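Right, one structure below, let's go through it.
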Amino acid sequence: ETGVTQTPRHLVMGMTNKKSLKCEQHLGHNAMYWYKQSAKKPLELMFVYNFKEQTENNSVPSRFSPECPNSSHLFLHLHTLQPEDSALYLCASSPMPDGNQPQHFGDGTRLSIL
Amino acid sequence: GQSLEQPSEVTAVEGAIVQINCTYQTSGFYGLSWYQQHDGGAPTFLSYNGLDGLEETGRFSSFLSRSDSYGYLLLQELQMKDSASYFCAVRLADSSYKLIFGSGTRLLVRP
């Protein structure tokens, strides 16, 4: 149990579908993150939220739309994705967004685009 | 641009010591972190170095030399369960909250 729960664990979708990834943390943290992990590539930061406010958008295409209704929940809404978007999507949280504080990761959602 | 270099794979024997190096070229530097990730699992935080020198946590130690833009993770008394991928990550010294990750080193521990 990592304290950060992601659902679903696996998702297969067509390029025209709309789906959402969910992340929930029970650690009382104020910062939450979305990362993309592709094979043989570094983890790539997508979005950062601090106290529900988006503080970082790392040049992510608009077909990825994050939502943070409160400090415990984070969503990633997906629409009109491309095959190159197939990857492991990881959610993380930390007490604050300061990078010297450990980030706690969920197990990720393995996304496959047909 | 920002880049972190680490070996892609390392193999070692159970009970041995292994060192995983990380060199970085980033626009500013605040600190170096290390994360472990088992296949199919979540990355987990191992250590953080904000200042030069060695940090020790049980069997794992991490070292940083800011003047050399270099750090390493040292794993002692290797166990089979240490087989995993290890990532170094740099926090940039700017107002962003970015952690820049290396591509990871896959460690295989053999009996």
Inset, instruction - Taking residue B:67 as meeting all but one of (1) of a type outside the set (Lys, Arg); (2) within 25 Å of residue A:87 (Cα to Cα); (3) not in a strand (DSSP E or B), write down the number of the exception. - result: (2)
Legend entry - Residues being assigned to a strand (DSSP E or B) and either modelled with pLDDT under 95 or out of contact with any Lys or Arg (no Cβ under 7 Å at 6 or more places or on another chain) (or both) - total across region B:70-93: 12
Inset, instruction - Sort out for me the strands (runs of 3 or more DSSP E) sitting completely within region A:35-77 that have 2 or more residues that are over 20 Å from residue A:101 (Cβ atoms) and touching a residue at least 12 places away in the same chain (Cβ under 8 Å). - result: A:64-70
Inset, instruction - Given the conditions (1) away from chain B (no Cβ under 14 Å); (2) crowded, with 18+ Cβ neighbours inside 10 Å; (3) of a type outside the set (Val, Ile, Thr); (4) under 14 Å from the mean Cα position of the chain (by Cα), report the number of the one that residue A:49 does not fulfil. - result: (1)
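Yes or no, residue by residue, for (1) in contact with a helix residue (DSSP H, G or I) (Cβ under 9 Å, 6 or more places away or on another chain); (2) more than 10 Å from every other protein chain (Cβ to nearest Cβ); (3) crowded, with 20+ Cβ neighbours inside 10 Å:
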position	(1), (2), (3)
B:45	no, no, no
B:54	no, yes, no
B:57	no, yes, no
B:62	no, yes, yes
B:74	no, yes, no
B:89	no, no, yes
Inset, instruction - Determine if region A:8-26 includes at least one residue that is under 11 Å from the mean Cα position of the chain (by Cα) and charged (D, E, K, R). - result: yes
Legend entry - Residue match in region A:50-67 (condition: aliphatic (A, V, I, L, M) and in contact with a Lys or Arg (Cβ under 8 Å, 6 or more places away or on another chain)): no
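Every residue, every condition in (1) in contact (Cβ under 8 Å) with a residue 12 or more places away in the chain; (2) under 25 Å from residue A:50 (Cα atoms); (3) out of contact with any Leu (no Cβ under 7 Å at 6 or more places or on another chain), yes or no:
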| position | (1), (2), (3) |
| --- | --- |
| A:80 | yes, no, yes |
| A:94 | yes, yes, yes |
| A:97 | yes, yes, yes |
| A:106 | yes, yes, no |
Legend entry - Odd one out for residue B:33, checked against (1) assigned to a strand (DSSP E or B); (2) within 13 Å of chain A (Cβ to nearest Cβ); (3) out of contact with any Lys or Arg (no Cβ under 9 Å at 6 or more places or on another chain); (4) under 21 Å from residue B:83 (Cα atoms): (3)
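The values are calculated or read from the model by the stated rules, or taken from the named source; none is laboratory data. Note that this is a predicted model, so its numbers are computed, not measured. Don't worry about glycine lacking a Cβ; one is built from the backbone with ideal geometry, like all the others, and counts go over all protein chains shown.
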